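The values are calculated or read from the model by the stated rules, or taken from the named source; none is laboratory data. What you see is a predicted model; the values in this text were computed from it and never measured. Note: ideal-geometry Cβ built from the backbone for every residue, glycine included; neighbour counts use all protein chains shown.
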Amino acid sequence: MDWDARNYDRLSDPHVRWGAAVLERLDLAGDETVLDAGCGTGRVTEQLLSRLPRGSVVALDASPAMLGEARARFSRLPGGERVSFVEADLLELTPEYLEGRGRLDAVFSTATFHWVADHERLFANLRSVLRDGGQFVAQCGGEGNIAGVLAAVKRLGAERAGTWLYAPAWETAKRLERAGFGEVRCWCHPDPVSFPDRGALADFLQTVCLREHLGTLEPPERRRFAQRVAEEMPEPVIDYVRLNIVARAI
């Protein structure tokens, strides 16, 4: 089931906040070409573009719905022509997807890599599109991410709410080194997100955290299940844990 991109765009304030913090870790002169790996609806991509007044962004996502929203966003923005769009699975990414752009100066990503189950292949693919010395700055869900949500789902009789890889920092660092990265720093930190009430929590769960599981249910059951999970949680707070990555291609 594809993303509900319009609702995601409306609800993605936490992702925008995370993205702004991660962007600060990119050392940019302003004329680089940067891959946004998992651009979503483009809210964070817009911040990235503002850091590249003489550069360009390759906005990649596997979701046609997300890319549709992102294209519409940049069609309205000054400088939007400096963003090109690629619909691709990160596990299939090769330099050929860059269509003659050459190797990239940097790869940036937020809230995407935990949706990719094979991090060995993911990091190897990203290294293949980076020039030597290129920056790799990213953040995704890490070990222990949304544990409270998953516990609530299990109490309601569902074994899993989706397919994710919430990797520990030490394991991620090893994978990056094997993929050809150096100067590697990886760390996790808790970053809980609070909601004003359980209805707002259910909206977010339905659109983001439980999307895969809800796709296995009949449409009338989807909202009901999200509401039941929200009620099952002790408070309207999602216990996010963020895995941070800073490295360079060697």
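The table for this structure:
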item	result
Check on residue 123, over 25 Å from residue 1 (Cα atoms), buried (at least 23 other Cβ atoms within 10 Å of the Cβ) and touching a residue at least 60 places away in the same chain (Cβ under 8 Å)	no
Evaluation of residue 248 against (1) within 22 Å of residue 110 (Cβ to Cβ); (2) in a helix (DSSP H, G or I); (3) of a type outside the set (A, V, I, L, M, F, W, C) (one fails), failing number	(2)
Single unsatisfied condition, residue 21 versus (1) surrounded by fewer than 17 Cβ atoms within 10 Å (Cβ to Cβ); (2) assigned to a loop (DSSP other than H, G, I, E, B); (3) not charged (D, E, K, R)	(2)
Among the residues listed as 56, 84, 75, 63, the single one being more than 26 Å from residue 132 (Cβ to Cβ), small (Gly, Ala, Ser) and surrounded by 15 or more Cβ atoms within 10 Å (Cβ to Cβ)	63
Whichever residue in the stretch 177-215 is out of contact with any strand residue (DSSP E or B) (no Cβ under 7 Å at 6 or more places or on another chain), within 25 Å of residue 122 (Cβ to Cβ) and surrounded by fewer than 13 Cβ atoms within 10 Å (Cβ to Cβ) and, among such residues, is modelled with the lowest pLDDT	215
In the stretch 106-143, residue farthest from the chain's Cα centre (by Cα) [restricted to those that are of a type in the set (Asp, Glu) and over 25 Å from residue 17 (Cβ atoms)]	132
Cβ-Cβ under 7 Å pairs, at least 6 apart or on other chains, the stretch 42-57 side in a helix (DSSP H, G or I), far side acidic (Asp, Glu)	43/9; 45/36; 48/36
